[in-house]
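**Q** I have a structure I would like to understand better, so I am pasting it below and will then ask my questions one at a time.
The values are calculated or read from the model by the stated rules, or taken from the named source; none is laboratory data. Quick caveat, the model's predicted, so the values are computed rather than measured. Every residue, glycine among them, receives a Cβ derived from its backbone with ideal geometry; neighbour counts consider all protein chains shown. Keep in mind that these areas ignore ligands, DNA and RNA; they rest on the heavy atoms of the full protein, side chains included. Shrake-Rupley method; radii C 1.70, N 1.55, O 1.52, S 1.80 Å.
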Amino acid sequence: MADDNSARTGESARTGGRASTYARGDAAKRRILDIATEEFAARGYWGASLQDIAGRTGMSKPGLLHHFPSKQALLAAVLAERDLRDRYGMGVDDIFTLRGLQVLDMLDRLVVRNAERSGLVQLSHVLAAESAGGDHPAAEHGRRHFTEARTLVRTALEAGIADGELRGDLDCGLLATQIVAVMEGLENQWLADPGQVDLVGVFHAYTRDLRERIRATP
């Protein structure tokens, strides 16, 4: 019986040790991602340094590379985390099921969340500008981001026309591009002068007016 107890105690200690190791590893990755997000947002991909990121996390560069094997892999992880937070901020399980004016309701919620996380918004805009030439690790991600955003809005508007909620003469592709452009351009102005540009108020005023313009006449 004592041997059985000793075996269980040993197994519990090993299991607890592994769990503790995994928890420390997850915490280290979380810390690296948070610091990397700040560094990429402030300096861009080319200007950010793995040595500086490692130093700010309190580890060596080889220690950082144990979790993320390259600078490009770290950027990919940062962008994946940002996309995950974007999806959470939209407050919808499946954004491609949105119909009609629901897409404007979702964007209104998203802009409120974005106003509370300027670092992630800055990251998006810095990388978009830096990768405009195409020869950049974030270039494909940026193209996919804008394509998905326009597609999301366009398909929701088309569904709204099919439901009779929206006017039938709308050019949904053109309108989707305009809506994404307004949101992105407004964020740029807000990042440049947050004290003078009310990101949430201006965007909500825009979507309020837009609802009236595109709603089908009763």
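**Q** Could we say that Gly55 is of a type outside the set (A, V, I, L, M, F, W, C), over 20 Å from Asp26 (Cβ atoms) and touching a Leu at 6+ places or on another chain (Cβ under 9 Å) here? Walk me through how you get there before you give the answer.
**A** On the way: of a type outside the set (A, V, I, L, M, F, W, C): yes; over 20 Å from Asp26 (Cβ atoms): yes; touching a Leu at 6+ places or on another chain (Cβ under 9 Å): no.
No: the conditions fail for Gly55.
**Q** For Gly100, state whether it is in contact with a strand residue (DSSP E or B) (Cβ under 8 Å, 6 or more places away or on another chain), assigned to a loop (DSSP other than H, G, I, E, B) and at pLDDT 95 or above.
**A** Judged against the criteria, Gly100 is a match.
Matching residues to (1) at positive phi; (2) open to solvent by less than 70 Å² (accessible area, probe 1.4 Å); (3) in contact with a Pro (Cβ under 9 Å, 6 or more places away or on another chain):
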{"site": "Leu101", "(1), (2), (3)": "no, yes, no"}
{"site": "Gly134", "(1), (2), (3)": "yes, yes, no"}
{"site": "Gly142", "(1), (2), (3)": "no, yes, no"}
{"site": "Arg167", "(1), (2), (3)": "no, no, no"}
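**Q** Residues Ala156, Ala115, Ala205: which one is surrounded by fewer than 13 Cβ atoms within 10 Å (Cβ to Cβ) and aliphatic (A, V, I, L, M)?
**A** On inspection, the qualifying residue turns out to be Ala205.
**Q** Considering only residues that are in contact with a Cys (Cβ under 9 Å, 6 or more places away or on another chain) and not small (Gly, Ala, Ser), which ones fall in the range 122-166?
**A** Of everything in the range 122-166, those that are in contact with a Cys (Cβ under 9 Å, 6 or more places away or on another chain) and not small (Gly, Ala, Ser) turn out to be Val153, Arg154, Thr155, Leu157, Glu158, Ile161, Leu166.
**Q** Please identify the pairs in which a residue from the range 104-121 that is over 15 Å from Ala149 (Cα atoms) and in contact (Cβ under 8 Å) with a residue 24 or more places away in the chain has its Cβ atom under 8 Å from the Cβ atom of a residue that is assigned to a helix (DSSP H, G or I) and among the small types (Gly, Ala, Ser), counting only partners at least 6 apart or on another chain.
**A** Arg113/Gly89; Asn114/Gly89; Gly119/Ala41; Leu120/Ala41
**Q** Any residue in the range 130-153 that's of a type in the set (Lys, Arg) and part of a loop (DSSP other than H, G, I, E, B): show its pairings with residues that are open to solvent by 70 Å² or more (accessible area, probe 1.4 Å) and modelled with pLDDT under 85 at Cβ separation under 9 Å, as long as the two are six or more apart or on different chains.
**A** If the second residue must be open to solvent by 70 Å² or more (accessible area, probe 1.4 Å) and modelled with pLDDT under 85, no pairs are left.
**Q** Exactly one condition in (1) within 25 Å of Ala42 (Cβ to Cβ); (2) open to solvent by less than 80 Å² (accessible area, probe 1.4 Å); (3) not hydroxyl-bearing (Ser, Thr, Tyr) is not met by Asp198; state its number.
**A** (2)
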